[in-house]
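One structure below.
Bear in mind that the values in this text are calculations on the coordinates, not laboratory data. Here the structure is a predicted model, which is why all the values come from computation and not from measurement. A quick note on method: Cβ atoms are made from the backbone with ideal geometry, for glycine too, and the neighbour counts reach across all protein chains shown.
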Amino acid sequence: MQFTQQLWQQNEGLYQTTLHHPFNQELAQGTLPLEKFKHYIAQDALYLADFAKALALMAARSTDSQQIVDFLEFAQGAIIVERALHESYFAKFSISAQANTQKTPACFAYTHFLLSTCALAPLEVGMAALLPCFWIYREVGNFILANHQNQHNPYQEWIDTYAGKAYSLVVDKALALANQMAEAATDTQHQAMQQAYRHGAHLEYWFWDSAYHLEQWRPV
């Protein structure tokens, strides 16, 4: 069994909890309140900017030429998606980028986890931390596309993006890289990778939950 398959089995329950979160269920049905999607998409743009930086950090730290190319291509893809968010979703739903510059607690925690892990932890641990963002989005998108057909879903573009073939190929590439790095890792490093993946998967859940509850910083 490949290392990533082990990761998925170990975290299947957390994925199911994420999949059945009201945010994703209502997005699938097209009933998610627009206010919650706007909150999510604005935070996602902030998240993707730092996700790209985390990938660039991995490229800068790697000594393997092919890994450097892979990480830089991943980072470029994240930036392209971020631009698409601004040009499409922001325009469609009248979201002001200037008015959405502060990360929520969930976004702040997630991006700082990725940046610190990719900057300071062993490369294989950084890869494991990044993997949930790639993988869980594809699986959620595929599930929604296969099980919820709504011709008038206002969020169909989001579904089509993450259930699309182009995105799936990117995820396959990330999985292959994670497995390659795991093959050269020790048992202790495997444990660190497992912990990093689970932490990232937890933060994925919190990110959606935060958007659903329109989370903001509490006043002090």
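For the stretch 28-108, a simple Cβ point-charge model (Lys and Arg +1, Asp and Glu -1, everything else neutral) yields a dipole of about 280 debye relative to the Cα centre. Non-local lysine pairs in the chain, meaning eight or more places apart or on different chains, with alpha-carbon distances under 19 Å, amount to 7. Electrostatic tally near residue 24: other residues with Cβ closer than 14 Å to its Cβ, Lys and Arg +1, Asp and Glu -1, net -3. The Cα trace of the stretch 121-220 gives Rg and Dmax of 16.4, 50 Å, the first to one decimal, the second as a whole number.
Could you work out the Kirkwood radius for the stretch 1-76, taking every pair of different alpha carbons, averaging 1/r and inverting it, reported in Å? Kirkwood radius, the stretch 1-76: 15.3 Å. Screening the chain for whole DSSP H helices of 18 Å or more along their axis (Cα) with average Kyte-Doolittle hydropathy at least 0.0 returns 34-61, 65-84, 105-120, 123-147, 165-183. Tell me, how many Å apart are the Cα centres for the stretch 62-131 and for the stretch 191-209? Here the two parts' Cα centres lie 15 Å apart. Give, as a single signed number, the net charge of other residues whose beta carbon lies under 15 Å from the beta carbon of residue 55, with Lys and Arg counted +1 and Asp and Glu -1. Cβ neighbours under 15 Å give a net charge of -3. Sorting 10-21, 110-121 by average packing, meaning the other beta carbons within 10 Å per residue, from highest down gives 110-121, 10-21.
Its Cα gyration tensor gives the stretch 123-180 an equivalent ellipsoid; the semi-axes, largest first and in whole Å, are 26, 10, 8. Taken over the chain, the convex hull of the Cα atoms encloses 128 Å³ per residue.
If only the Cβ of Lys and Arg carry +1 and only the Cβ of Asp and Glu carry -1, the dipole of the chain around its Cα centre is close to 400 debye.
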